[in-house]
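> Please read through the structure below; I'll follow up with questions.
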Amino acid sequence: MKRLPLTLATLTLFALGSFEVSGATVPTINLTLKDKTEIVPSTTVETWVTLDTFNTYTRKRTTEIENIRYCPTDYSFCDLVLPRERRHHIKTKLTTTIDEEKVGVALQELALRTEITPKDAVFTGDENGKITLATREIYGFVIDQEKAKKLIADEIRMSNHSPLVINIPGQSVEPKIKASDIDNLGIKELLGVGTTNFKGSPKNRVYNIKRALEQFQSVMVAPGEEFSFVHYLGEVDGEHGYLPELVIRNNKTEPEFGGGICQVSSTVFRAAIYSGLKITERRNHSYAVQYYKPYGMDATIYVPRPDFKFKNTTDNYIMMQSAIEGDILTFRFFGTKDGRTTTVDGPHILERGGDGSMRTVFTQEVKDKDGNVFQKDSFASNYKSPSLFPHPGEETKLTTKPANWSNAQWRDYKRLNP
């Protein structure tokens, strides 16, 4: 006859079945995070906890089970595997299982509500190059979610009182730039200035320009860092405070959230040029726009592409400051002068068509303190006819291909305008 493997768990299962332990309570939890407290009600904690029981043999305790003769199968079998004298020493124990995945989800939600994002100190500067502190830095705080998850699970298992008070572990996060850094960041003097004129802009366009400027006030660019306009700009939609205004998109000039932001990117482009910095990515608009005169010094952007980028080629931080005076938008770049001089030749109009198309070019030449040219770049712009990008209400459909259009342009036009 084959012998059955007998374990204590097998013996108690067959001889006694399972029993529930009454009176088990699930606590309310008070989670403290720095100076904040989050209360997790017991009804929520109940979803994290599974209570179960198991029976075990212990000679030091008399059983609390009322019917020790209970047997789910043949009594002779129960007598064989668990003699009567052992049945008098059966202990029913309670086990607590914590669903750490659910605890983790709760901690992620807690983090969204309570974690503190570090904020850099903000400096301000005027046209005379004087730098002052505008806003002090704020230290951040993040939850150590793995430690917190284990701590909560252990406290629930070991504690029998309510509410449980648990201090959530976390760590302070330093801002990148502190008020004390003003002396060692190298922000001492004016490097270059860029301006544009948005006179005649509709009110929504002016609003979007001012909204976008909030993303770039006192931005710090580290030595060797590549600045990305789209990165600092962030999301552009109604939820982020932008209004619909005309943009050039899909071979049309049509309203979209954020129209006018290119006024900001074009002004930053000019400030970077006159500060003698290296432009690493730039694209002109599809057609020449009056707000960006002189033509040829604009930089169009659209999230996520095209972007405008430049590299800080100085040995110190660069701080960007913007200002609006009347219809003039100005960006000033502050840093430490290293003796470089910048010359801009142009922009020059190379070709102008009767349909508004245009080709321009300008050159940036940068010399070091000894007069040696170490950077020379030309920026060409090819503007198409504005008639190819009709405004609302101007969508007169063409029936024949214009002479200055390529076959690919004509195919795209017919596809978009059947």
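The values are calculated or read from the model by the stated rules, or taken from the named source; none is laboratory data. Just so we're clear, the structure is a prediction, and the values are computed from it rather than from any experiment. Cβ atoms come from the backbone with ideal geometry, glycine included; neighbour counts cover every protein chain shown.
> Criterion first (in the same structural domain as Gly371 (by TED's automatic domain parsing), buried (at least 19 other Cβ atoms within 10 Å of the Cβ), touching a strand residue (DSSP E or B) at 6+ places or on another chain (Cβ under 7 Å) and touching a residue at least 24 places away in the same chain (Cβ under 8 Å)) does Thr280 satisfy it?
For Thr280, the condition - in the same structural domain as Gly371 (by TED's automatic domain parsing), buried (at least 19 other Cβ atoms within 10 Å of the Cβ), touching a strand residue (DSSP E or B) at 6+ places or on another chain (Cβ under 7 Å) and touching a residue at least 24 places away in the same chain (Cβ under 8 Å) - is not met.
> Could you tell me whether Gly224 is part of a loop (DSSP other than H, G, I, E, B), at pLDDT 95 or above and surrounded by fewer than 18 Cβ atoms within 10 Å (Cβ to Cβ)?
The answer is yes for Gly224.
> Scan the stretch 328-363 residue by residue and report those that are surrounded by 14 or more Cβ atoms within 10 Å (Cβ to Cβ) and either among the small types (Gly, Ala, Ser) or not in a strand (DSSP E or B) (or both).
Selection gives Gly335, Thr336, Lys337, Asp338, Arg340, Gly346, Asp355, Gly356, Ser357.
> Just one of (1) assigned by TED's automatic domain parsing to the domain that holds Thr343; (2) surrounded by 17 or more Cβ atoms within 10 Å (Cβ to Cβ); (3) more than 30 Å from Val344 (Cβ to Cβ); (4) modelled with pLDDT under 90 trips up Asn204, so point out which.
(4)
> Turning to a different aspect of this structure: Can you name the residue in the stretch 364-385 that is buried (at least 16 other Cβ atoms within 10 Å of the Cβ), at pLDDT 95 or above and not acidic (Asp, Glu) and is also farthest from Val289 (Cα to Cα) among such residues?
Only one residue fits best here, namely Lys367.
> In addition: For Thr132, indicate whether it is of a type outside the set (A, V, I, L, M, F, W, C) and without any contact (Cβ under 8 Å) to a residue 24 or more places away in the chain.
yes
> Now for a different question. Out of curiosity, is Val247 hydrophobic (A, V, I, L, M, F, W, C), at pLDDT 95 or above and either more than 15 Å from Tyr383 (Cα to Cα) or not in a helix (DSSP H, G or I) (or both)?
Against the criterion (hydrophobic (A, V, I, L, M, F, W, C), at pLDDT 95 or above and either more than 15 Å from Tyr383 (Cα to Cα) or not in a helix (DSSP H, G or I) (or both)), Val247 does not qualify.
> Quick one: in the stretch 198-209, which of the residues that are under 12 Å from Cys262 (Cα atoms) and not aliphatic (A, V, I, L, M) is farthest from the chain's Cα centre (by Cα)?
Checking each candidate, the answer is Phe198.
> Would you point out which residue out of Thr117, Thr96, Thr124 is exposed (fewer than 12 other Cβ atoms within 10 Å of the Cβ) and of a type in the set (S, T, N, Q)?
Thr117
> What number goes with the only condition from (1) under 28 Å from Ile324 (Cα atoms); (2) in contact (Cβ under 8 Å) with a residue 40 or more places away in the chain that Val173 does not pass?
(1)
> Let me ask something else. Looking at (1) part of a loop (DSSP other than H, G, I, E, B); (2) modelled with pLDDT under 95; (3) in contact with a Lys or Arg (Cβ under 6 Å, 6 or more places away or on another chain); (4) not charged (D, E, K, R), which is the one condition that is false for Gln321?
Unmet condition: (1).
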